[in-house]
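Only one structure is covered here, and it is reproduced in the block below.
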Amino acid sequence: MTQSSNAKISASQCELLSSNFGLLYNQYLPKIKKSIRKLDAYAGYKRTVDGVEDLAQGFFTEVWAKKWMQGFDLERSKKSSDPILTYLKNHLRNFYASKRTADIRETSVKENIMEQNKIKGSGYIQNFEFCYDVKRKLHKALFKTFNLLEKKAWGLFMYNNHSIKKAATTLGVSVGTAFLLKDSIYNKAQKVLEGYYSGNMNF
């Protein structure tokens, strides 16, 4: 199903699209990507093409998982030329805000973990051994929190900078699963680091 950007979507089309996720995804993925780029521009944030793709895929993962389309009501936005896009954009704004916070968190987690990987001995073997011991124990504590798939995905996101789509292909999972994996990995990494820096972690 295709339509021009200026054509008003009919009630029957709305009903079909809101009840068929495959059609919804195919028709609105490009529009959601465009909306993400506009939100990025407004926020002064530069995101790669893969980054836009990842965020759009993540958004549709939540549309599906949280059954957002079940709450679609044509009567509330029937004045819009595309009520479904209006509805999706309302959800996108909240999703985007939460993921911008996650972007900042992931950058911080990654920088902290990378810093732990830099064993900065000052010429004394004692310092070298101490730093190495901390790094090893942090990784061990983190890996204890991972399930098998997260252990496989960890290096792809942290060290290889795989996009969600590329990681999904490498792992042989859906894009939605890869999105959830990445989110879970960074959440767990943040908790381990917070425990370490607060002094509440017992190795």
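We did not get these values from a lab; they are worked out from the coordinates using the rules stated. Model, not experiment: these values are computed from the prediction.
Considering only Cα-Cα distances, which of the following residue pairs are longer than 21 Å: K144/K188; K144/K166; K66/K89; K66/K144? Don't skip to the answer; put the middle values down first.
Values: K144/K188 10 Å; K144/K166 25 Å; K66/K89 15 Å; K66/K144 29 Å.
Long pairs (Cα-Cα over 21 Å): K144/K166; K66/K144.
For the range 11-103, compute Rh as the Kirkwood radius over C-alpha pairs and then the Stokes-Einstein diffusion coefficient at 4 °C and 1.567 mPa s; write the answer in µm²/s, rounded to an integer.
Numbers: Rh = 13.7 Å.
The Stokes-Einstein estimate is 95 µm²/s.
Could you work out how much longer the chain between K38 and K165 gets when fully extended? Use 0.36 nm per residue separation minus the Cα distance between them, nm to one decimal. Walk me through the numbers on the way to the answer.
Values: separation 127, 0.36 × 127 = 45.72 nm, distance 2.18 nm.
This chain segment gains 43.5 nm when fully extended.
Going through the cross-link list K33/K151; K34/K151; K78/K165; K31/K67; K46/K140, which pairs have a Cα-Cα distance over 28 Å in this structure? Could the numbers behind the result be given before it?
Working: K33/K151 30 Å; K34/K151 33 Å; K78/K165 35 Å; K31/K67 19 Å; K46/K140 34 Å.
Flagged as over cut-off: K33/K151; K34/K151; K78/K165; K46/K140.
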